[in-house]
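Contents: one structure, followed by commentary.
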Amino acid sequence: MNVNITALNFEISERLTEFINKKAARLAHKYPDITDYDARLKVVKPETALNKQATLMVVVPDSPDLVATKVCDTFEEAVDQAISALERQLEKLKDRK
């Protein structure tokens, strides 16, 4: 599985990169059909709370790309919630096959 992490308008920390890679590996272990995992992190409005946006996209062959976007106080929380949303989408996809 290819993992791509993009941070828009800020410098990503090593700890956050490891966190996202760990979550991606766990998702790939549960759903081995995933070929690509793309995480895009963005600070929406620096002055307010709930300003960390995580957009996760996974590619599964022979199906449309699955995307989840969440905005939270921290990137870790946003990634966790987006992973949960992707897991629900992957379960629905698995049931259709």
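Data for the structure
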item	result
Residues (part of a helix (DSSP H, G or I) and open to solvent by less than 90 Å² (accessible area, probe 1.4 Å)) located in the stretch 19-34	F19, I20, N21, K23, A24, A25, L27, A28
Single condition L56 does not satisfy, out of (1) open to solvent by less than 60 Å² (accessible area, probe 1.4 Å); (2) modelled with pLDDT under 95	(2)
Near pairs, Cβ below 7 angstrom, 6+ apart or cross-chain, from the stretch 31-50 (in contact (Cβ under 8 Å) with a residue 60 or more places away in the chain) to any residue that is surrounded by fewer than 11 Cβ atoms within 10 Å (Cβ to Cβ) and among the charged types (D, E, K, R)	none
Selection from the stretch 5-17 of residues that are touching a residue at least 24 places away in the same chain (Cβ under 8 Å) and open to solvent by 80 Å² or more (accessible area, probe 1.4 Å)	N9
Output for the stretch 35-53, where each listed residue is open to solvent by 80 Å² or more (accessible area, probe 1.4 Å), over 10 Å from the mean Cα position of the chain (by Cα) and either under 15 Å from V3 (Cβ atoms) or of a type in the set (A, V, I, L, M) (or both)	L50
Residue list for the stretch 59-93, restricted to those being of a type in the set (G, A, S), at pLDDT 95 or above and not in a helix (DSSP H, G or I)	A68
Within the stretch 4-18, tally of residues that are assigned to a strand (DSSP E or B) and at pLDDT below 95	1
Sole exception among (1) of a type outside the set (G, A, S); (2) closer than 17 Å to L93 by Cβ; (3) without any contact (Cβ under 8 Å) to a residue 12 or more places away in the chain for K22, by number	(2)
Cβ pairs under 7 Å, 6+ apart, first in the stretch 59-72 and within 27 Å of K45 (Cα to Cα), second open to solvent by 30 Å² or more (accessible area, probe 1.4 Å) and among the charged types (D, E, K, R)	V71/K52; C72/K52
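The values are calculated or read from the model by the stated rules, or taken from the named source; none is laboratory data. Values in this document were obtained by computation on a predicted structure and should not be read as measured data. Note: ideal-geometry Cβ built from the backbone for every residue, glycine included; neighbour counts use all protein chains shown. Side chains are part of the model used for accessible areas, which takes the heavy atoms of the whole protein and leaves out ligands, DNA and RNA. Shrake-Rupley method; radii C 1.70, N 1.55, O 1.52, S 1.80 Å.
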